[in-house]
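Novice: Have a look at this one.
The values are calculated or read from the model by the stated rules, or taken from the named source; none is laboratory data. Since this is a predicted model, take the numbers as computed values, not measurements. Cβ atoms come from the backbone with ideal geometry, glycine included; neighbour counts cover every protein chain shown. Note: accessible area is taken over every heavy atom of the protein model, side chains too, but ligands, DNA and RNA are not part of it. Shrake-Rupley method; radii C 1.70, N 1.55, O 1.52, S 1.80 Å.
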Amino acid sequence: MQRRHILTALAAGASTATLPSWAQSMGYPNRPIKMIVPFAAGISPDVVARLIGDKLGVALGQPVVIDNRPGAGGMIGAEAAVNSPADGYNLLFSVKAVHAIAPNVYKSAKYNPPRDFKAVSQILLVPHVLTAAPNAPFNTMAELVAYAKANPGKVDYASLGVGSQPHVAMEAWAQRLGIKLNHIPYKTNPSPDVMSGVVSLSIEASTTAIPLITSGKVKGLAISGAERIASLPNVPTMTEFGANLDVNGVIGSSWHGIFVPTGTPDDIVAKLNTEIVKIVKLPEIQARMRALGLTPTGTSASVMASVAAADYAFWGQMVREFDIKVE
């Protein structure tokens, strides 16, 4: 009899221990959800976040409010997300640079992605394009390499700042190509200076590169990733020039993904993943993304977690290799 009472008490205790998460998840969501975007309104991640957020709000029956927190290479937004309650009402719309590069470059980073975030889903892949000024004395990768070897350190390239993906990617490509380029870090968009010929090279996301190239404002030399962009059929991939330059876009390409603070209940993550994957698979969403040169994915949470962890380790090694540090 006494043993039966003990077992009953233990069972009740176990049930009670799981009740808060279960009760919270069963009623989820019952109020608006906040999606932190660590960039300013109007640029590529914000546009995609709003596209997904609008559909997600309809699917869940609660509005998804976009909260733009730009600054410090995305770290301000990421840190705000880390310090938010892990209750499913606080999402982070992140990109590779925020999740894998910035916390490896900046000693002041107050978040550790593998420890502090739980993946929900990868939304898409973003190829980047190596672009050249219209007056640059080269039109192809072969011509760029030949010119740079004949003029070491005299070809400038612009980036979004020390430690940004364009900076580290260009350094990696230059090393593998055996050329020396001159880095010009910008705090603002460097595209106007590339278009005017003040700087010879830059790396642009497909969303902004496509209209610049098709209008003749810059020249497209090569695309990161495994395949050409349909709207830029004459621009080859980086691996067409050199097989090991950018395998599967590990250096030049980026991704967009949704994360939540570690501690968010698994069933809430699963519910979010189910709805987000459905949204990404919608024909209208697929068409909109592909028109921008993006590759929609809509992965499982585990796939996004694996990709993010692998990129964090890869870029940590790259940052150490090139001794890139920002205090």
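Novice: Using a probe of 1.4 angstrom, how much of the accessible area of the stretch 169-327 is carbon and sulfur, in percent?
Specialist: Ligands and nucleic acids excluded, carbon and sulfur reach 55 percent.
Novice: Turning to a different aspect of this structure: To the nearest 20 Debye, how big is the dipole of the chain about its Cα centre, given +1 on the beta carbon of each Lys and Arg and -1 on that of each Asp and Glu?
Specialist: 440 debye
Novice: How much of the accessible area of the stretch 60-106, probe 1.4 Å, is carbon plus sulfur, in whole percent?
Specialist: Exposed carbon and sulfur together represent 53 percent of the surface.
Novice: Taking +1 at the Cβ of each Lys and Arg and -1 at the Cβ of each Asp and Glu, which of 182, 223, 90 sits farthest along the dipole of the chain towards its positive end, judged by Cα position relative to the Cα centre?
Specialist: Value computed over the given set: 90.
Novice: Which three semi-axes in whole Å describe the equivalent ellipsoid of the chain, each the square root of 5 times a Cα gyration tensor eigenvalue, listed largest first?
Specialist: Taking √(5λ) for each Cα gyration eigenvalue gives 42, 21, 17 Å.
Novice: Would you list, by chain and number, the aspartates and glutamates whose Cα falls below 15 Å from the Cα of residue 271, excluding same-chain residues fewer than 8 positions away?
Specialist: 87
Novice: Suppose we keep just the alpha-carbon trace of the stretch 129-189; what are its Rg and Dmax in angstrom?
Specialist: When restricted to Cα atoms, the stretch 129-189 yields Rg and Dmax of 11.2, 31 Å.
Novice: Under 29 Å from the Cα of residue 180, which lysines turn up, not counting those fewer than eight places away in the same chain?
Specialist: 96, 107, 149, 154, 217, 219, 325
Novice: Hey, in the GNM for the chain with a 10 angstrom Cα cutoff, which one of 131, 140, 237 fluctuates hardest?
Specialist: Judging by the Gaussian network model, the answer is 140.
Novice: A further question on this structure: Return one whole number: the accessible area per residue of the stretch 171-327 in Å², for a 1.4 Å probe.
Specialist: That works out to 45 Å² per residue.
Novice: Hey, another quick one. Starting from the Cα of residue 140, step 7 Å toward the Cβ, then list every residue of the stretch 237-268 with an amide N under 13 Å from that point.
Specialist: Those under the cut-off are 237, 240-242.
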